[in-house]
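The values are calculated or read from the model by the stated rules, or taken from the named source; none is laboratory data. Predicted, not measured: the structure shown is a model, and the values here were computed from it. Counting neighbours? That spans all protein chains shown, and the Cβs are built from the backbone with ideal geometry, glycine included. Quick note on the areas: whole protein, heavy atoms, side chains included, nothing else; ligands and nucleic acids left out. Shrake-Rupley method; radii C 1.70, N 1.55, O 1.52, S 1.80 Å.
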Amino acid sequence: IMINPNDYIIAIPSYKRSDTIGNKTLKILHDKKVPSFRIYIFVANKNEKNEYYNNVPRHLYNKIILGKLGLRNQRNFINRYFDQYKCIVECDDDIKEISYLKPGIGKTRMEIQKNNKLLSVPNIDIFFKDAFHRLITNNTNLESDSSENWGKINEKPISYIWGIYPVYNPYFLSNKITNNLQFLVGPMWGMINRYKKDLLLELNEKEDFERTLRHYKLDGSVFRFWNITIDTAFYKEKGGMQAENKDRYLEAEKSANYLLKHFPKYTQKWYKGKTKRPEIKLKDKNI
């Protein structure tokens, strides 16, 4: 297996956001030192492709690729578009900021958490390379600089996927990396690409839960960086899945039931707050 973390690419599935992607995700990546030759935008049809060509500044990306309609189909298309063992970061098209935790100072855990701060990541290119190197060397120790091991690549990683903390709130972040079962949120994550039927997605709604579970079931490990998070408008932004005009609550209920059925050892269902939105909790019941 030849895996090269320094040669990662970024795949952005995008739908009806040709007018905003340039001010959001693409601008953020550009400002944070990701070279545009790494960036591929995947669109749903020929009209969309023309709109993106006309609206998106050319210096911000490498290629616009005609993929498939629907997030699940697009993710599966991206998986097959790139070579096996390619390091792929997938980003949503509406990211407003990528931040890291500056841990607070205090005597108690609560004091420390209250003093936590989020700071803008200056160079996300370094983080992406580092994240893939950590997968390959199974390095969850934030104290150790994984670049020391950049030449020493194991033949076979333990995990093939990494993710970030799902909530943009410094209080909840912590300075650690885990490799047990933790939810990897959909707007930004990375994988070492593999052509495995068991990893192809069935869901649109909660596809990030499904992807986390499929990887964990196959490998027994997923990486999560608890010290990195992003600012994005979950469910609120025009375009994207909102533009498909589906009942997101009905879809969420169906998806939750699918996950319970297919991953009973790792899932339980609950209903969130006032919205009563169906959600899934992840827990490895074997442990």
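Asn50 meets all of the listed conditions (1) assigned to a loop (DSSP other than H, G, I, E, B); (2) more than 28 Å from Asp198 (Cα to Cα) but one, namely (1). A search for C-beta distances below 6 Å between a residue of segment 217-228 that is over 15 Å from Ser174 (Cβ atoms) and any residue that is modelled with pLDDT of 95 or more and among the charged types (D, E, K, R), counting only pairs 6+ apart in sequence or on different chains, returns Leu218/Asp198.
The single condition from (1) in contact (Cβ under 8 Å) with a residue 40 or more places away in the chain; (2) surrounded by fewer than 17 Cβ atoms within 10 Å (Cβ to Cβ) that Tyr53 fails is (1).
Residues of segment 83-118 that are open to solvent by 60 Å² or more (accessible area, probe 1.4 Å), closer than 26 Å to Thr20 by Cα and touching a Leu at 6+ places or on another chain (Cβ under 8 Å): Tyr100 alone.
Which members of segment 76-88 meet the condition of being within 19 Å of Leu135 (Cβ to Cβ) and either touching a Pro at 6+ places or on another chain (Cβ under 7 Å) or not hydroxyl-bearing (Ser, Thr, Tyr) (or both)? Selection gives Ile78, Asn79, Phe82, Asp83, Gln84, Lys86, Cys87, Ile88. Any idea which residue in segment 128-166 is farthest from Leu181 (Cα to Cα), counting only those that are among the polar types (S, T, N, Q) and at pLDDT 70 or above? Taking the candidates together, the pick is Ser144.
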